[in-house]
Structure formats: C-alpha cells, structure tokens
2 protein chains.
Amino acid sequence: MTKPSWKVKPVAEKGARDLRQRAEEYLEALRKRGCRRTEQRRLIIETLLESEGEHLNARELMERVQSKDPTIGFATVYRTLIVLGETGLVHSFDQGEGFARFDIPDQAMHFHILCRSCGKMEHLADETAKEKIIEGWVKEAGYEMVPQTFQVFGLCSDCRDKVETAPDVSPEVTCCGRRRRGWTR
Amino acid sequence: MTKPSWKVKPVAEKGARDLRQRAEEYLEALRKRGCRRTEQRRLIIETLLESEGEHLNARELMERVQSKDPTIGFATVYRTLIVLGETGLVHSFDQGEGFARFDIPDQAMHFHILCRSCGKMEHLADETAKEKIIEGWVKEAGYEMVPQTFQVFGLCSDCRDKVETAPDVSPEVTCCGRRRRGWTR
DNA sequence: GTGCGTGCAAATAGTTTGCAGATTG
DNA sequence: CAATCTGCAAACTATTTGCACGCAC
C-alpha cells in the first residue's frame, strides 16, 4: 500500500556489495545440503534478492536472469527454485493465476489478501503480529513453522459494489483490469 | 481427525432427498447468475455434496460423476467447477500438488495445515474461532469475507525429527510416503 | 427459435525430465 | 575423477478452447 507503483526495482548502487554478500549466504546454505556452488545459481539468487517483494513468476525471473546471462535456460531456473524451496530459502505460491510466483523472504513472512473477483493483491497490515498468531496455530497442531506467504481471499470494495449492483457480471469482466484463470485457487 | 479413514462415503439413505434438495439450491444460485439448469450440473453438484470434506481433484470428481453418467466429460466438469467457483459455491486450492482440489464448504471455513516435507494434511482445531480472527483481518483490509480454505505450511513432528538427524534428505524421500511435486506452493 | 451448455478432440501453458557434455569439489 | 549441474529439447499433465450439435428457456 505504501508501494508507489509496482515493478519498482530498487537496485541501490550501495546495495550491490550487500547483494553479492547475501547471495553467498544462500549459496552456503545450499552447500550445506550438498548442492554445488555454481555461477548460474549465484545469478539466480542475486536476481531473486534484487526483486524482493515483486513476486516474480518463473518466466519473469528467467527473463531477468537471461538479461545478465542469456545462456541460462528454463530448466536451470526451475531446478534452482526447487532446491531453494526445499531448503526453505524461497517460498512459492499461487495467486489464483494457475502458476507459481516466488518470494525470497527477508525475515518476515508476508500476508496477502486477494480479491477473488478481480485478482487484486494487497498486503495485510501488521504482518508480524499476524504471523505470531498463525505461528501459535501451527505449534498448537504440533508442527514447526516454516517460512511462507499466507493468502486469504475476499472481495475488494470495488468488486463488492459491482456484485451488489450487478450480480451477474460476465466472467470476463474484472473490476481491476486483471485477467483471471478459470477459478481462484 | 475424527474421520475413521479417508474415502468414507456417507451416502446415508435418509440423506438422499436432502442431497437432491441441496443440489437444487445450488442450481438455483447458478440460475440467478444467468446459468441454465442442466442435468449434468445437477449430477456434478450432487457428487460434490456427497464427497464433502474429501477434497477431490478434477479427475477424481469426474470419475465419480462418470460412474453415474459415463457420457459426461472433463470439459463439463471443469466448466461447472468454474461457474460454481465464481458464484462462491465451491472453493478450490492447491495442496502443493500442482493441481487444484475442490471443496464445497457447508458453512464453516476450513483450516489446513500441510507438512512441507511429506505433504501430509490435517485440519487445525477450533476452525470456527480461527475463522473469526481471519474474518477480522479481512474486514480490516476493507474486503468482504468469502468462503475458502485457509492453508498453512509447517513441518510435522515426524519430518522435523528426520530433518534434525539428517538435514540433507534426498528430495525423493518423504516421511509419510506421499509424493511431492517440485515445490510446495 | 435463440443461445447457452455439452462432448469431443485438439490446443495451451506451466513445469519436469532425459541426455550428453561442462563444471565443481 | 566422480558426482553434480547445465542447456536443450522433448515429454508430461492439468486445464482450456474451438466446434458442431443438443437442450433449456
């Protein structure tokens, strides 16, 4: 909500070294799981870190990675996402689009609310407080919390109004101009 | 948790009329959205009602539907699920399997906790109380609550132990014998 | 009768996999 | 040197769509 526009790319020059540094930490975590340290993985991790909060999908991620090294292919990106996911370094989720988006959580988990009608997505307020509550539920069930992005569906105010006045909107019509696949997962 | 075994099919004879009755209500809701009342849709809705709580996927649903009318095809099942979803009568979600499962929520919202390592799924306790909390968050964000299944990921006690003793489990090995796609959504 | 709904089969799209060669430890 | 990774292309699978016909309204 405080984000001025989507697709901001805050590649602060001063952050470039940090980036390399942080990528190293991720590579180190992978190495502990028996993975090798490759240039491709480093590039993919750096790109994920650069685009933190943008929730890229596999194709978008690959395009950015390819802008740095055009030889990197789909398979490598997917395979890297899989090991990162298994190590808990990347979380993936489906915003009801029918494909996965990826998040490299810095420290806090994210809380998304999505409009079931138009697909618009926002973050809930006080994500940390809410995370604590959810963590309680997880422990209560005897599970250990893992990094993730929570998603809740609702009807945004725009769509609610439209439903009230016209309950039989054509399935193609969305209130916010975004497309939607057959159903919202 | 009180469910004795999965794949129970409580088609109580006394419930048969209820079923027809309830299916009618769903058809009526669809009609209000401008959809026509067809025999196929009635069959699909009845089958969904019968399998409440089983979280069938599209193929499983289709197989049950086809056991009543073998001429019904995939496309019809999918298309019916889409209109039901748009009308809020069916909720779909991905348990990290890479495909959708469907739920016809009676009244209460469901809360699933899934083990990120083995894919095991359980319901959280006190779903009604938790629903209230989530509903508060949804309203706080200016959205209207819609029926849904809320999913949280964690590590079950079995998998946690295994991770502690062997952090580098082969990706193929799972603690509960269930397969898992590349990553957990 | 008009137009939505259906069944079929073919098309899409996201993701996974087999393989031969390159790279890492 | 052996094992893991990579890039490519082909395979897979879930889901969607075009089309001709049938049925609901």
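Return the residues of region B:128-149 that are of a type outside the set (G, A, S) and over 14 Å from B:H91 (Cβ atoms); say none if nothing qualifies. Talk me through it step by step, then tell me what you get.
Step one: filter region B:128-149 for residues of a type outside the set (G, A, S), giving B:128, B:130-135, B:137-140, B:143-149.
Across region B:128-149, the qualifying residues are B:T128, B:K130, B:K132, B:I133, B:E135, B:W137, B:V138, B:K139, B:E140, B:Y143, B:E144.
Checking the structure you have, find out if any residue of region B:84-107 is assigned to a helix (DSSP H, G or I) and more than 8 Å from chain A (Cβ to nearest Cβ). First the steps, then the outcome.
Let us first name the residues in region B:84-107 that are assigned to a helix (DSSP H, G or I), namely B:84-86.
Now restrict to residues that are more than 8 Å from chain A (Cβ to nearest Cβ): B:84.
The answer is yes; a qualifying residue exists.
Which of the following residues is modelled with pLDDT of 90 or more, assigned to a loop (DSSP other than H, G, I, E, B) and either within 16 Å of DNA strand D (Cβ to nearest atom) or small (G, A, S) (or both): B:E63, B:E54, B:E28? Residue meeting the stated conditions: B:E54.
Hey, does region A:106-116 have a residue that's closer than 24 Å to B:A100 by Cβ and within 11 Å of DNA strand C (Cβ to nearest atom)? Checked region A:106-116: no residue is closer than 24 Å to B:A100 by Cβ and within 11 Å of DNA strand C (Cβ to nearest atom).
Please determine whether any residue of region B:60-80 is more than 30 Å from A:K139 (Cα to Cα), at the interface with chain A (Cβ under 10 Å from one of its Cβ atoms), surrounded by 13 or more Cβ atoms within 10 Å (Cβ to Cβ) and not hydroxyl-bearing (S, T, Y).
Initial filter on region B:60-80 (more than 30 Å from A:K139 (Cα to Cα)): B:60-80.
Next cut, at the interface with chain A (Cβ under 10 Å from one of its Cβ atoms) only: B:78-79.
Filter once more, keeping what is surrounded by 13 or more Cβ atoms within 10 Å (Cβ to Cβ): B:78-79.
From what's left, not hydroxyl-bearing (S, T, Y): B:79.
Yes, region B:60-80 contains at least one residue that is more than 30 Å from A:K139 (Cα to Cα), at the interface with chain A (Cβ under 10 Å from one of its Cβ atoms), surrounded by 13 or more Cβ atoms within 10 Å (Cβ to Cβ) and not hydroxyl-bearing (S, T, Y).
Contact annotation: residue pairs with Cβ atoms under 8 Å, 6 or more positions apart or on different chains, pairing a residue in region B:27-44 that is within 13 Å of another protein chain (Cβ to nearest Cβ) with a partner that is near DNA strand D (Cβ under 10 Å from one of its atoms), are B:L30/B:R37; B:L30/B:R41; B:R31/B:R37; B:C35/B:R41. Summed over region A:124-140, the residues that are over 16 Å from B:L124 (Cα atoms), in contact with a strand residue (DSSP E or B) (Cβ under 7 Å, 6 or more places away or on another chain) and facing chain B (nearest Cβ under 9 Å) give a count of 2.
B:D94 meets each of the listed conditions (1) more than 16 Å from DNA strand C (Cβ to nearest atom); (2) in contact with a strand residue (DSSP E or B) (Cβ under 8 Å, 6 or more places away or on another chain) apart from (1). Of all the residues in region B:32-41, those that are part of a helix (DSSP H, G or I) and near DNA strand D (Cβ under 10 Å from one of its atoms) number 3.
Name the residue that is farthest from the other protein chains (Cβ to nearest Cβ), counting only residues in region B:141-159 that are assigned to a loop (DSSP other than H, G, I, E, B) and touching a residue at least 24 places away in the same chain (Cβ under 8 Å). First the steps, then the outcome.
Step one: filter region B:141-159 for residues assigned to a loop (DSSP other than H, G, I, E, B), giving B:141-143, B:146-148, B:156.
When the remaining residues are screened for being touching a residue at least 24 places away in the same chain (Cβ under 8 Å), the result is B:146-148, B:156.
On the way: B:V146: 5, B:P147: 9, B:Q148: 5, B:C156: 6 Å.
Checking each candidate, the answer is B:P147.
Given the criteria surrounded by 20 or more Cβ atoms within 10 Å (Cβ to Cβ) and modelled with pLDDT under 90, does B:W137 qualify? Against the criterion (surrounded by 20 or more Cβ atoms within 10 Å (Cβ to Cβ) and modelled with pLDDT under 90), B:W137 does not qualify.
The values are calculated or read from the model by the stated rules, or taken from the named source; none is laboratory data. This is a predicted model, so every value here is computed, not measured. Note: ideal-geometry Cβ built from the backbone for every residue, glycine included; neighbour counts use all protein chains shown.
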